[in-house]
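S.K.: Handing you this structure, nothing more for now.
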Amino acid sequence: MSFGNRFFASLFLGITISRFSRCNQVVLLDTTSVLGELGWKTYPINGWDAITEMDEHNRPIHTFQVCNVMEPNQNNWLRSNWISRQAAQKIYVELRFTLRDCNSIPWVSGTCKETFNLFYHEMDEAHGVKFKPSQYTKIDTIAADESFTQMDLGDRILKLNTEVREVGPMTKKGFYLAFQDIGACIALVSVRVYYKKCPFTLMNLASFPDTVPRVDSSSLVEVRGACIDHAEERDTPKLFCGADGDWLVPLGRCVCSIGYEEIDGSCVACRPGFYKAYAGNIKCSKCPPHSLSYGEGASICRCEKGFYRAEKDPPTMACTRPPSPPRNLMFNMNDTCLMLEWSPPSDTGGRRDLTYNVQCKRCGPAPNQCQLCEDELRFLPRPLGLTNATVTVTDFSSHANYTFEIESLNGVSDLSSFPRQVAAITVSTDQGGPSLVGAIKKDWASPNSIALSWQQPEETTLPIIDYEVKYYEKEQEQLSYSSTRTRAPSVIVSGLKPATWYVFNVRTRTAGGYSAYSPKYEYQTTGDSSDIASDQGQVLVIVTAAVGGFTLLVILTLFLLITGRCQWYFKAKMTSEDKRRTDYQNGHVPFPGIKTYVDPDTYEDPTQAIHEFTKEIDPSRIRIERVIGAGEFGEVCSGRLRTPGKKEIAVAIKTLKGGYVERQRRDFLREASIMGQFDHPNIIRLEGVVTKSRPVMIVVEYMENGSLDSFLRQHDGHFTVIQLVGMLRGIASGMKYLSDMGYVHRDLAARNILVNSNLVCKVSDFGLSRVLEDDPEAAYTTTGGKIPIRWTAPEAIAYRKFSSASDAWSYGIVMWEVMSYGERPYWEMSNQDVILSIEEGYRLPAPMGCPVALHQLMLHCWQKERNHRPKFVDIVSFLDKLIRNPSSLLPLVEDLQSLPESPAEDMDYPMFVSVGDWLDSIKMSQYKSNFMAAGFNTLDSVARMSIEDVRRIGVELIGHQRRIVSSVQTLQFQLLHEQEKGFHV
Ligand code: ACK
């Protein structure tokens, strides 16, 4: 029995042991909380003593005592049970004990100790009673901060020591603790073993779990938080767990989701009448005006009935409604403009995005006869989406009643199902402008054309300029339409699709503007819809006023193909008569008996051609007076020519300069051999040649005013339009003669036209000329040679397809040169740009002061498709008619251009119709050669044909005979009508 055990037992009776734990500690063992026996082992048996007392709460106090202070060499061990490590990496052992001061015990010096030792041993599992002190690792020697004495005992003063030691890192699943006494007087009152953790916590609307710190106290554990209910991450919430189990450095946060707000660290649903539209650290808001929320947690408030929220309106915005209609709608009108003005609506619906739409209705006498008319009018700036309370309307018709409805709109107008309210005003445009034409009637029709006519308006204050005929396929419903103009109250529209419904409208144009469109006229073309001509996209409109003259066509191609072989063997021996015969057989001669051109190049010996086509002049008859210019081969002089028995005449003498080679001589004289074949008042006349003496000369009639281009430049603006048209008529007449002769000029330009003292223009310069050869299309192609780009038709430039049609193109350019008094065509544009522009559809605009009719003729000459260009016969005929009706030259292009919708370039040029065109329009093209061969080569002659004539020329099918005869009747009517009108083109 040891001295101290009994002594300590009485000492600790009645001591209160405070039991506490902190939330960041996980307790693995606390002897104060063990209710039953502890079951610790002691070695030896008489060493440590286990005493269990009860505290005032009747809970056990497990105390271990030892006090063998008088006996030397004490080695008493007390060993705990196996303690599970759990998640701990480092454990803390907290000991509370009392220790007796050795000095206060007599006779114990040398044996009494005032420390004890603490050991541990890691094991994965308990191993029962075995205890080997040698396996244990010492944690520390424990000494008391305060020891007690006999006096303390007497005063019953408790001097309890608390010591904490940490152990780690721990690796095994558990461990034992052991206490070694080496001769002290100790009472071990409690043993608490714990490890530290950062406890579960909520911070910044995120939860962070229990987290065990690292053993290394200098490094922190980063922990990512999870947002609490109805919260969402804003920046990733994070905390760091420190070694002492404290949370450090909060980062990021969660925020309450839409419909929830933060109250006391949690997210709470918005109350009814409130909403929260965005996640964030904001409170729920009261619903905006004209909106409400019924349930809890609303993210948006719903609009009251009759109020709306546009797609892009924010939820914070009040609900709004469509505006009321505009107020005070008024108009102001002059001849060309109608200005509508109004005041903004009294109620904008609570919005600022106010716009206006204008709708137009044109109404007849009956109230329900209204049709929409926006498409007919032009609105400035536009009809829809107006932001200002005003709009200007143009292009309105005279004599019409327009009702304009102005609607106010805002961003929610489309959402409202209520009928929209508009402000309306009816405007009568009856300002003395043109009135409506009478009903349209069909005169005749074929599967792809129709002739229409209509009653002229009865009263017009201003003269009618023309009529606009608008037509479209009914199925297309105005998606695309064509239009054309005509001066006569009738039109032939061709290029229509067979078996297709068309809608036609006509309106009048005067200087006062357009009339309203006539009532629609609908017509379905006859025929099989598969029978659509290959050029169906192209609409050729032929004004009935256009009356063609002769169109000289080539008809005997087939015949020639059979007989034209091997003829070149005989070339050298042929006379011009032979050649003409051959040319005729080759299809170059329109009619037997008409003299045709013979190419001098077809003569093996050119002198033979010279001999045949020119007269040799004795040079003694020529008196050279002065040099007037320089030609390609030498000077050009003026002088006099005497002919026995005739009056002396003025001549121009072209000379061939000395030192020429034979080829130059031949080329020089070649022009004379060509010129010598012609005899026409508008072709420069060859008087003769001097070839048998030097210098070699070509003598031609003298043209006092020299070349046309420089003449016009010198007399800019000096002539009347009629004089200019007279010059053009002369040139056209000369060209008609050349084309009739089968001659293609190739270099028709104002510089190659000479003008005499009477302003008579004559075609000259046959240097570039070539005869037509075996081409069945009567056009000649060649390689090489200089091409005057600005004057030459595209197909001649592109693949040298020269023909009378390409001469017609050049003629259009000459017209332009004449009407602009010698301006350079296409000004300073490069040749390449000219080619590209023409290809893109660009055409020379009308020169200043140019009558519409002449520019139309030019444009007609510049049609890309060469077969659509006018023939010279048509040009002459047209110009003749203009000269006879000078008033037709009054409308100038400038006047037209000042009116909308009349870009001259976009117009169709329906001025000409030949018999061929007419046959095309009635789809009887196959009989062209029959008509020509029988001499029906003008519309006038065709208009007189009888059914017998039609049969006689070889139209055998009865259906075709009928079609031609009925078309002839219409033609008669039209020609008569035109004559009555006195306006022939
Ligand atoms: O512009 P012009 O005065 O007219 O200058 C040229 C020049 O000779 C070189 O060709 C003029 N010319 C040519 N043929 C005749 C002619 N038959 N009568 C008068 N001048 C002519 C041309």
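S.K.: Quote the FRET efficiency, to the nearest 0.05, computed for S285 versus Y43 with a Förster distance R0 of 60 Å and r equal to the Cβ-Cβ distance.
M.R.: Computed FRET efficiency for S285 and Y43 comes out at 0.20.
S.K.: When all protein chains stay in place, what accessible area (Å², nearest 10, 1.4 Å probe) is found for L496?
M.R.: 10 Å²
S.K.: Cross-link candidates for K132: which lysines have Cα within less than 28 Å, leaving aside residues fewer than 8 places away along the same chain?
M.R.: K41, K90, K113, K172, K173
S.K.: With a 1.4 Å probe and all protein chains in place, put D605, D740 in order of accessible area, largest first.
M.R.: Ranked list, largest accessible area first: D605, D740.
S.K.: So, counting K/R as plus one and D/E as minus one, what does the shell of residues with Cβ under 13 Å around L957 add up to?
M.R.: Result for the neighbourhood of L957: +3.
S.K.: Now for a different question. Keeping all protein chains in position, work out how much accessible area T643 exposes to a 1.4 Å probe, and write it in Å² to the nearest 10.
M.R.: Counting only protein heavy atoms, T643 exposes about 40 Å² to solvent.
S.K.: Largest first and in whole Å, give the semi-axes of the range 47-140's equivalent ellipsoid, each being the square root of 5 times a Cα gyration tensor eigenvalue.
M.R.: 28, 20, 13
S.K.: Let me ask something else about it. Roughly what would the spin-label model give for I787 and E125, points 7 Å off Cα along C-beta, in nm?
M.R.: The answer from the label model is 10.8 nm.
S.K.: In nm, what is the difference between 0.36 nm times the number of residues separating I628 and L248 and their Cα-Cα distance?
M.R.: Contour length minus the Cα-Cα distance gives 125.6 nm.
S.K.: By how many nm would the segment from D679 to D375 lengthen if fully extended, with 0.36 nm per residue of separation less the alpha-carbon distance?
M.R.: 103.7 nm
S.K.: Enumerate the lysines that K923 could reach by cross-link, defined here as Cα to Cα under 20 Å, with residues fewer than 8 away along the same chain left out.
M.R.: Cα-Cα hits under 20 Å: K442, K497.
S.K.: Give, in whole angstrom and from largest to smallest, the semi-axes √(5λ) of the equivalent ellipsoid of the range 298-356, with λ running over the eigenvalues of the Cα gyration tensor.
M.R.: One finds semi-axes of 35, 11, 7 Å for the range 298-356.
S.K.: Please give the contour-minus-distance gain from E71 to A143: 0.36 nm per residue of separation, less the Cα-Cα distance, rounded to one decimal in nm.
M.R.: Between E71 and A143, full extension yields an extra 23.9 nm.
S.K.: I've got another one for you. Carbon and sulfur: what percent of the range 28-155's accessible surface (1.4 Å probe)?
M.R.: 49 percent
S.K.: Can you sort E701, E125 by 1.4 Å-probe accessible area, starting with the largest?
M.R.: Result, largest first: E125, E701.
S.K.: Let me ask you something else. Report the accessible area of L890, computed with a 1.4 Å probe over the heavy atoms of all protein chains in place, in Å² rounded to the nearest 10.
M.R.: Probe radius 1.4 Å; accessible area of L890 about 120 Å².
S.K.: With Cβ to Cβ distances under 14 Å as the rule, what net charge do the other residues near Y737 carry (K, R +1; D, E -1)?
M.R.: Here the count lands on +3.
S.K.: What order do you get for 487-493, 848-854, 159-165 when each peptide is scored by the mean count of other beta carbon atoms within 10 Å, highest first?
M.R.: So the peptides 487-493, 848-854, 159-165, ranked by packing, come out 487-493, 848-854, 159-165.
S.K.: Could you sort T508, T42 by their accessible area in this structure, using a 1.4 Å probe and putting the largest first?
M.R.: So the residues, ranked largest to smallest area, are T42, T508.
The values are calculated or read from the model by the stated rules, or taken from the named source; none is laboratory data. The structure displayed is predicted, hence computed values, not measured ones. In this analysis, Cβ positions are derived from the backbone assuming ideal geometry, glycine residues included, and neighbour counts consider all displayed protein chains. Each accessible area value is taken on the protein alone, full model and side chains, heavy atoms only, with ligands, DNA and RNA left out. Shrake-Rupley method; radii C 1.70, N 1.55, O 1.52, S 1.80 Å.
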